[in-house]
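Presented below is the structure to which this report refers.
The values are calculated or read from the model by the stated rules, or taken from the named source; none is laboratory data. Keep in mind the model is a prediction, meaning the values are calculated, not measured. Positions of Cβ are backbone-derived with ideal geometry, glycine not excepted, and every protein chain shown enters the neighbour counts.
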Amino acid sequence: MSIIMSGKEVSANTRAKISDEVKAFKEERGITPGLAVIIVGNNEASKVYVRNKHKACEDVGMYSKVIEMPEETAEEELLSLIDSLNKDDEIHGILVQLPLPKHIDEQKVINSISPKKDVDAFHPENVGKIMIGEYDFLPCTPAGVMEILDYYNIEISGKKCVIVGRSNIVGKPQALLLLEKNGTVTICHSRTKDLKEETKRADILVVAIGKPDFITADMVKEGAVVVDVGINRMPDGKLHGDVNFDEVAPKSYAITPVPGGVGPMTITMLLKNTLTAAKKYILTKG
Ligand code: NDP
């Protein structure tokens, strides 16, 4: 019987700790950690994510400001809003919900967020810091994966870690975090020649490709730890991961489900980063 690694459980534990820390921080410093979330346009999935982030902030006692902008918002207008939030003492974290409408340059927007308030850790300065292992923030999804592995006492050192997917927000930073914990890391992508050959070698397999049920039992080694980052909405409205859970679970030592796996951890890590940003603010303000 494999271990079902419940991100929901890890998340509830971590959020309870964050909530206590926020309370203590408010009492000691008189400051409420604040997060601004900007959403541009009408992407329904993005709206749900933003609502969830707002609620999660309030649940742990943080201040949350959601700024909704219309689809036709000019890039300059968004940049000017970010500039004012960069200077706003009540806001310690700024998150721009992606994707942005096509006429807005995403990287330019990310670059305009103060690295001190960049709670997504997408700014090049923060990305560089992760590369050298001296970071303040970690990108939320890969950081959430690491918390799950830690909670379930999964040994990473010396293990063969295979990541499928090389996006800037999941695959690449995930590789660095596993490497930092002394994993032997392979990154696979759409041009990988024999994917099954690679995934079958994994002691720890992390999948983030956005293809429902893509990883089947024959692609996984007996006793592997499998982390499924994928979130795919099926025609019947159900959520499926990138891993065929029913097939792979019996073969694995431990596996994350979808939903209830990595998903809940992403917002939890956002809360953690916002608290960290507020604490850093104290250090810079004295
Ligand atoms: P991207 O679309 O940015 O990247 C997908 C990656 O998968 C690319 O590197 C691509 O390779 C690779 N890929 C696609 N098809 C294949 C294939 N057949 N074989 C091998 N590699 C393949 O996705 P994201 O990283 O943003 O997201 C991945 C998944 O994770 C999605 O389902 C998304 O919804 C989910 N997600 C979940 C989060 C959570 O909170 N749990 C947060 C973020 C994402 P190439 O680079 O060569 O094109």
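Note on the stretch 103-129: residues that are away from the ligand (no atom under 16 Å from the Cβ) and not charged (D, E, K, R) amount to 12. Checked against (1) within 16 Å of the ligand (Cβ to nearest atom); (2) hydrophobic (A, V, I, L, M, F, W, C); (3) under 23 Å from residue 152 (Cα atoms), residue 225 passes all but a single condition, namely (1).
Check the stretch 244-253 and report whether any residue there is at pLDDT 95 or above, closer than 26 Å to residue 138 by Cα and of a type outside the set (D, E, K, R). No, there is no match, as no residue in the stretch 244-253 is at pLDDT 95 or above, closer than 26 Å to residue 138 by Cα and of a type outside the set (D, E, K, R).
For the stretch 156-202, filtered to residues that are of a type in the set (A, V, I, L, M) and free of Cβ contacts under 8 Å to residues at least 24 places away in the same chain, the residue that is nearest to the ligand (Cβ to nearest atom) is 175. Going through (1) surrounded by fewer than 24 Cβ atoms within 10 Å (Cβ to Cβ); (2) among the hydrophobic types (A, V, I, L, M, F, W, C); (3) farther than 27 Å from residue 59 by Cα one by one, residue 282 falls short only on (3).
Here's the yes/no breakdown for (1) free of Cβ contacts under 8 Å to residues at least 12 places away in the same chain; (2) in contact with a helix residue (DSSP H, G or I) (Cβ under 8 Å, 6 or more places away or on another chain); (3) part of a strand (DSSP E or B); (4) surrounded by fewer than 23 Cβ atoms within 10 Å (Cβ to Cβ):
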| position | (1), (2), (3), (4) |
| --- | --- |
| 218 | no, yes, no, yes |
| 222 | no, yes, no, yes |
| 230 | no, no, no, no |
| 248 | no, yes, no, no |
| 257 | no, yes, no, yes |
| 263 | no, yes, no, no |
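Just need a number here: residues in the stretch 23-46 that are touching a strand residue (DSSP E or B) at 6+ places or on another chain (Cβ under 7 Å), surrounded by fewer than 20 Cβ atoms within 10 Å (Cβ to Cβ) and outside any loop (DSSP other than H, G, I, E, B). Summing the residues that are touching a strand residue (DSSP E or B) at 6+ places or on another chain (Cβ under 7 Å), surrounded by fewer than 20 Cβ atoms within 10 Å (Cβ to Cβ) and outside any loop (DSSP other than H, G, I, E, B) in the stretch 23-46 gives 1. Per the listing 185, 96, 162, the residue uniquely of a type outside the set (Ser, Thr, Tyr) and within 29 Å of residue 281 (Cβ to Cβ) is 96.
Of the residues contained in the stretch 142-163, none is found to be within 24 Å of residue 110 (Cβ to Cβ) and surrounded by fewer than 18 Cβ atoms within 10 Å (Cβ to Cβ).
Residue check: residue 210 meets all listed conditions (1) in contact (Cβ under 8 Å) with a residue 24 or more places away in the chain; (2) over 22 Å from residue 272 (Cα atoms); (3) surrounded by fewer than 16 Cβ atoms within 10 Å (Cβ to Cβ); (4) away from the ligand (no atom under 12 Å from the Cβ) but one, namely (4). Can you find a residue that is of a type in the set (Val, Ile, Thr), away from the ligand (no atom under 16 Å from the Cβ) and free of Cβ contacts under 8 Å to residues at least 40 places away in the same chain anywhere in the stretch 145-154? Among the residues of the stretch 145-154, not one is of a type in the set (Val, Ile, Thr), away from the ligand (no atom under 16 Å from the Cβ) and free of Cβ contacts under 8 Å to residues at least 40 places away in the same chain, which makes the answer no. Residue 233 meets each of the listed conditions (1) among the basic types (Lys, Arg); (2) at pLDDT 95 or above; (3) out of contact with any His (no Cβ under 7 Å at 6 or more places or on another chain) apart from (2).
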